[in-house]
Amino acid sequence: MAARNSGGGPVTAPAGRAGPGGQGGRGWRDMAPAFIASIGREQPRARPRPVERQPRPALSSTEGRCDRPVAEPHRRHRHRRAWAAGRNGEFRTIAKFVWIASYPRSGNTWMRFLLANLLYGQIASTAALQEMVPDIHRGLVGHQIHGSRKTLIKTHWRFLPDLPLREDTIGAIYIIRDPIEVLVSNLNYVILRGEQASGPQNESVKREFERRWIDSYIAQGGYQRWREMGFGTWEENLRSWTEDPLPYTRLVVRYEALRSDIAGTMATVSRFLGIEAGEAKLQAAIDRSSFAAMQALEEAEIRERRAGIFFDPAQAAGGDRRFVSGSARDPMSAAQREAALQRFGPMMEKLGYRPQAES
């Protein structure tokens, strides 16, 4: 995790550690035995109690599944304070955190815009979005983790017991999307970032890159880069947040429900978060977060070269980075679609999707 300490400096994970599940580096579990041995007071470790996994019912297409409203925090979280090494050495209250989690390209950024526009009014830039509803993969700053506040944080990490900020997390929203659509959206993302082979490319070279990339994605159950960053496969990511026991309440939301019944879905999300929002306020947030509004913001940030989600100065030499207005062309062959359904079909059926091969 990249955050900032109370003195304003960056706080980073150990070298080589990409986050929970990442490769390299030494996590707290690796260092704990050496630390205990160094002070000569090693204690016997308590054996964890086994957790019996219970089967989950099929998810509703509009309401999601909510264990209990996040407005009711666990008792052990209510009065937690942490030592902040500030200039005066004062105690500072730690904020309470709600994760907005998903596998990449499942609608996470759209949900962030919806919630930011609902909570804070018009969001005029993606830099402001990062300030209000931060992406942990882009880093956090002090005021987002301190104070008597509830901070919504985006993540693509799969859930693990050593997830950052775990002791002060009070809830999670997990967004699911048809995995075939997720595959295509991830391919578009890779192409828009210019991650395909460099140098002059004709149409046949581009199609060959797409074919190889799709075959690799299906074989591995997701994008290899995301696995290396601790996101897991599509199925691992989904199971970790929706089926495995969590130490806090959660709400599962379908991307398709946002498309078909955005008002009803966001009303459910608002209740889960304890947000009092009337119809007019909710509709205003929805209008400000429409695809047309996001596309206009995207075009403005690219035109004005404003750093953020829609424009990356590091990518400028290779072309502008467009996420909302990318191509919607389906690059999958009939054989690839059949292979994808073989790979993801069982979980799709469990979630209520209806896998269909290309005719």
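Bear in mind that the values in this text are calculations on the coordinates, not laboratory data. All values reported here derive from a predicted model rather than from experimental measurement. As a convention, Cβ positions derive from the backbone with ideal geometry for all residues, glycine included, and neighbour counts pool all protein chains shown.
If I take R0 = 30 Å and measure r between the Cβ atoms of Q295 and A335 in this structure, what FRET efficiency does the formula 1/(1 + (r/R0)^6) give, to the nearest 0.05?
0.35
Determine the gain in length on full extension of the stretch R305-D168; use 0.36 nm per residue of separation and subtract their C-alpha separation, reporting nm with one decimal.
Once the chain is fully extended between R305 and D168, it gains 45.6 nm.
Could you pull out every one of the lysines with an alpha carbon less than 29 Å from that of K154, ignoring same-chain neighbours closer than 8 positions?
Of all the lysines, those that pass the test against K154 - Cα under 29 Å, at least 8 places apart if same chain - are K96, K281, K350.
Provide the descending list of Cα extents for the range 90-188 along its principal axes, expressed in whole angstroms.
50, 36, 19
For D312 and R149, what is the calculated FRET efficiency with R₀ set at 30 Å and r taken between the beta-carbons, to the nearest 0.05?
0.55
Provide the FRET efficiency to the nearest 0.05 for the A219-R138 pair, computing r from the beta carbons and using R0 = 30 Å.
With R0 = 30 Å, the Cβ-Cβ based efficiency is 0.50.
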